[in-house]
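The values are calculated or read from the model by the stated rules, or taken from the named source; none is laboratory data. These figures come from a predicted structure and were not determined experimentally. As a convention, Cβ positions derive from the backbone with ideal geometry for all residues, glycine included, and neighbour counts pool all protein chains shown.
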Amino acid sequence: MATEEDVKASLEGILVPGVRRGLEPMNLLRHVGVSDGVVNVTLAPAALMTETQDWLKQQIIATAGKLEGVREVKVGFTEEKPKELNDIKSVVAVMSGKGGVGKSLVSGLAAVALQRQGYAVGILDADITGPSIPRMFGINGRPAGSETGLLPVPSRSGIELMSINLLLPGEDEAVIWRGPLIGRAITQFWEEVLWGRLDYLIVDLPPGTADAPLTVLQTLPITGIIIVFTPQDLTTMVVRKAIHMARQMEKTILGVVENMSYFYVPEIDKKIEIFGKSRGEEMAQAAGAPFLGQLPIDPELARLCDEGQVERYDADIVARLGEALSRSTKQIN
């Protein structure tokens, strides 16, 4: 006679169309019961089109119906919103006081590094007016969804992505919105996107310390913040503003990352600090947080990002970044 565990195990192979993740990882499987050969399954249909709901129902009936002793399978639905289903262990914001320092790059590499460690990861692109995450991952498809919510778009390796660029008619369309509209869009990406169960949600913030970063820090349950900077005096001065903002908002700084630290010339086996001496330890001390690592100026990384292949970047710094980040969040959680 089949048990509840047998039914759940049999349903693991059913992937939700549009996200390629199972019912349990998407937290859509709300109840499974077995009594006298009758299996009762309850699903949450949030963000699923009617056609998808019908398809999942038929798949469940066909799959569970093959189990020993099962004579009937009943599938019902319960109304729950995406924000009621989302179960995210750590929400990590990536910020800086200045634009052009590589927040999106660090967000992407952090997600790739954590995913390679076996974690379930998503990226919320909160840079509404300057989104670059979809291009970096080579994603241009529109997200599926219904009137109840949206499904994130999976990358090649399974990282869940949501960005305003995935909703625009073209990726070069400008978003000309005032602060309140931008803040509302960020809130919707948090509350109305079905992220499901994730170990990490990386939030790529826009530059500065104004409306959009403030919305994220006030609205989302931020576990911690990664501060990104480059070695120039001007940049480090402005980034200190982001550090002060994080402290004023009483948010934990998980660590700092220095981008464009150096350029390595293999022919002479030398690192050239194009933008000046590294300020990693100095910024870590100012932030009162660990120095998570240095990212070099790497033509190979630039090429992969331009080609939408950032997930193929395999330098040692990626693994070290992921290990340092997971270690920092574990200390908090």
- Selected residue [without any contact (Cβ under 8 Å) to a residue 12 or more places away in the chain, over 28 Å from Met237 (Cβ atoms) and either surrounded by 18 or more Cβ atoms within 10 Å (Cβ to Cβ) or among the charged types (D, E, K, R) (or both)] from Glu160, Glu79, Glu173: Glu173
- Note on the structure: Exactly one of Thr223, Thr230 is under 19 Å from the mean Cα position of the chain (by Cα) and assigned by TED's automatic domain parsing to the domain that holds Leu201, and that residue is Thr223
- Just one of Phe275, Phe229, Phe189, Phe263 is among the aromatic types (Phe, Trp, Tyr) and within 30 Å of Pro45 (Cα to Cα); which is it? Phe189
- Message: What's the number of the only condition in (1) under 14 Å from Leu105 (Cα atoms); (2) not in a helix (DSSP H, G or I) that Leu304 fails to meet?
- Response: (2)
- Item | Within the stretch 154-184, considering residues that are modelled with pLDDT of 70 or more and of a type in the set (Val, Ile, Thr), the one farthest from Thr219 (Cα to Cα) | Ile159
- Task: Among the residues of the stretch 103-123, write down those that are buried (at least 24 other Cβ atoms within 10 Å of the Cβ), in contact with a helix residue (DSSP H, G or I) (Cβ under 6 Å, 6 or more places away or on another chain) and not in a helix (DSSP H, G or I).
- Result: Val121, Ile123
- If a residue has to be out of contact with any Ser or Thr (no Cβ under 7 Å at 6 or more places or on another chain) and surrounded by 20 or more Cβ atoms within 10 Å (Cβ to Cβ) to count, how many in the stretch 40-55 make the cut? 2
- In the stretch 34-64, which residues are free of Cβ contacts under 8 Å to residues at least 12 places away in the same chain and part of a strand (DSSP E or B)? Ser35
- Item | Conditions (1) farther than 30 Å from Trp190 by Cβ; (2) in contact with a Phe, Trp or Tyr (Cβ under 6 Å, 6 or more places away or on another chain): number failed by Gly65 | (2)
- Item | Restricting the stretch 251-264 to residues that are within 22 Å of the chain's Cα centre (by Cα) and not hydroxyl-bearing (Ser, Thr, Tyr), the residue that is nearest to Val216 (Cα to Cα) | Lys251
- Tally time: how many residues in the stretch 307-333 are more than 17 Å from the chain's Cα centre (by Cα), in a helix (DSSP H, G or I) and under 20 Å from Pro154 (Cβ atoms)? 1
- Among the residues of the stretch 1-23, count how many are assigned to a helix (DSSP H, G or I), touching a residue at least 40 places away in the same chain (Cβ under 8 Å) and of a type in the set (D, E, K, R). 1
